[in-house]
Every structure is written in structure tokens, then in C-alpha cells.
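Just so you know, all these numbers are worked out from the coordinates, no wet-lab data involved. Please read all numbers here as calculations on a predicted model, not as lab measurements. Positions of Cβ are backbone-derived with ideal geometry, glycine not excepted, and every protein chain shown enters the neighbour counts.
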């Protein structure tokens, strides 16, 4: 079985001093507006669509086969978290082959490995971990053997990893990033916005989009820094690496550009309470044609950008709440609709009280209304009645005396993204006396 873990394209960045004269965020749009008069929309699309690199998609290949018996370590079966720690240390050390041993109640070996990898690559405050580490991996070949013992499954995973860079190249990236930050001359008075803009300007000014993919190094921040070219994976990885070291919350977002057949990647960055999109891969090309900041600090509705599913689900939006509109200095923004929906869906519901046929519901914030269901079947498989109400107290009519009814409810919210709902409450039952 294969699970495609998308590896995204990137642009390059050279290291030379930059003047970081402050430009307020609301001035950006005046700059963009004046520069756009010099070039047509068709020209803009042509510049962007020209970035159609052959995709090198990293894969996870998982097979159930007998593990290589040579040098098989003594098995010490642990938890998924322990296995993730082992895998993370191996990735940071660029270890190409390792074993991990897991004890679990689950028989889903594939999902267990994905859980291990997700935890190993989770974002931390360390700039060389998280997305920076994960997007330096070309592919993984995973074999496993499992046996059942005392109600548990014992898994032996053999993981083979291929990296885009070497440890020496990664060390050189560390040195260059330190040099860049020193040259940019940030002080204790420099705001997060000024840091983001300075790094963004720096990269957009010095990048060249890699036209040849003969060497996979173009997918890395190393190539962006030392070869002066990369595709968007290396570009987004570099943005992540620098901003993370500056203490700014940032992520790499994989997905698709305007052409849904071409993989693309960009970043989101936190300013204030919310995250904003930025795509220096496209802006760097447009800046050479006189257009600046077209894809800088944009709200959640990011034109011509479609995220992969795992980066647009409710869990992700709760962890990385997006702004509704583009960033403007000294202007209070609000949550995007998708962000509001993600928090709404996660709210808990509870039937507070049932007295005879009168039901009292826990109020759910920002609910448009409530759906109450009742049935004689406790699994709600047949003869289910659904009632819509905007009230948290409701009297259910036409219940038959002497019958046991099962009742539950959920809240729903109507938004521009469609209707979303909470989970159903725990079921309660009621029996009217004869």
C-alpha cells in the first residue's frame, strides 16, 4: 500500500545584505496597485503558469513482509510516542535505516506508522525540526512484521529513508541563516510584521526559479541559499527555517496552484491572533516584472491556492486559525469562516435536563439552531423523528405514554462555507407514565 506524501516545489534565495527600510502593511497595496498598471493580468498568469516543474513526489511505501534478519536489534516494544522519538532522532541525524518496535491494540499497521511519522515530524520551537526536517525527506520505504501476543499486536518496523541533503549541507544552511539574520539587523524594537516582510523581500529579490530538475537538490533550502535556485519546496522550506529561528509561528502548506495538475507549496505565518498566506515563489517572479506583494499576507481565501486535505480540516484550522481578510497594520482582523466553523464543530453538546416531555439543551455559541432527534430505537436506526428549533428549551409533542424514547441533539451553524454541525450529544432516554 502506498500513501502519497506530497513534496512541493520551491524557489531560491541568495545571501547578500538587504536594506530593511520599514514599509507599513497598508502601504503595500498602494505599491501593488501602481505596479500592476505596468503589466496585464494575462502576463501575470503567464509568469506564474511557467513554473511547471516535474514533480518529485515523496512516497511512503509500506509492505508486510519478512524483515531482514541480519543485525535485527533486540526487540523492546514501546508506545507510538516512544517510536516517534526514535524516528525523529534518526531523521535529525540523517540515519538511512532504522528499526522501531511498537506494542498496540490496533491491527492497522499502516495507520500506526503514519501516526509515528506525524508525531516525529510535529512542529516544535526548534527551527531544524518540524516542517524543515520533514520536507528534507525524499521518500521512505517501510517494511513490517507483526504478531499477536496476549491481546496486543507486536510490530517490528524497518524504515529506510532517503534525504534530499547531507548533514554537511544542513550545517551550511544553519550558518547561512545565522548570517542572513545578522545582516538584516533586527533589534528588540523590530516588529514581527517587519521581520516577516524583511525576510520575504530578501528572498523575492534574490531568487531564481530552477528550470532543471536533474538534481533533486533544487527541492531544498540549501539549493536556494548556495546554488541560487530552487523550486517551491525549497523556497517554502527556507521561509520556514528563517522565520522559525526568529520566533515566528510559520508552516509549510502543500497543495495545488491554479493548475490542479501541478503540485505547489507556500507558507502561512502568524501575525497577531491569526495566520496569513504568503507565496514568495510566485511573488519573486512577479517582482521581476514590476509587481510586488500580490501574494503577501493574504487572508484565508487565497486565490489560485488549494490546500491538501490534512491542511484544511477542522483540527488544522483550530491549531492555525486563519484571518478572514488580508493583513493591514493597525486594523483588527477577524477569524475566517472556515476557522469559525472549526471551533464551532468542536463544541460539546449536552442535554441538561429532561422533565416529562420537556428537554433543556446546553447552549452552543454561534449556533444557528439545534436538531433534536428522538426514536424508540436506541441506535436511531429506524423511525427517527428530527425537530429543528432555535430554542434551548423545547417541548416534544405526541410522545406515547408507556413507551421509552431515546433523545439526542446537535447544534448547527449556517455559514458562507455551508452548514456545519457539532457532534451528537450523549443519548438520554425518557419514558412517560401511563
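Remarks
- Amide N of region 352-370 lying under 12 Å from the label point, which is placed 7 angstrom from the Cα of residue 385 along Cα→Cβ: 357-358
- Debye equation applied to the C-alpha atoms of region 162-230, log10 I(q)/I(0) at 0.21, 0.22, 0.24, 0.28 Å⁻¹: -0.94, -0.99, -1.09, -1.24
- Mean separation of Cα contacts under 8 Å, 6 or more apart, over the residue count of region 347-431: relative contact order %: 35
- Remark: region 235-328 is approximated by an ellipsoid whose semi-axes, taken from the C-alpha gyration tensor as √(5λ), come to 19, 17, 13 Å, largest first.
- Calculated diffusion of region 78-212, Stokes-Einstein form, Kirkwood radius summed over Cα pairs, 37 °C and 0.692 mPa s, µm²/s: 187
- Kirkwood hydrodynamic radius of region 347-431, from the reciprocal of the average inverse Cα-Cα distance over all distinct pairs: 13.2 Å.
- Inter-label distance, residue 378 to residue 414: 3.7 nm, where each label sits 7 Å from its Cα along the C-beta direction.
- Using the average count of surrounding beta-carbon atoms within 10 Å as a protection proxy, the listed peptides 386-396, 127-137, 186-196 rank, highest first, as 127-137, 186-196, 386-396.
- For region 138-207 versus region 70-119, the gap between their alpha-carbon centres in whole angstrom: 20
- A simple packing score, the average count of other Cβ atoms within 10 Å per residue, orders the peptides 369-379, 246-256, 226-236 as 226-236, 246-256, 369-379, with the highest score first.
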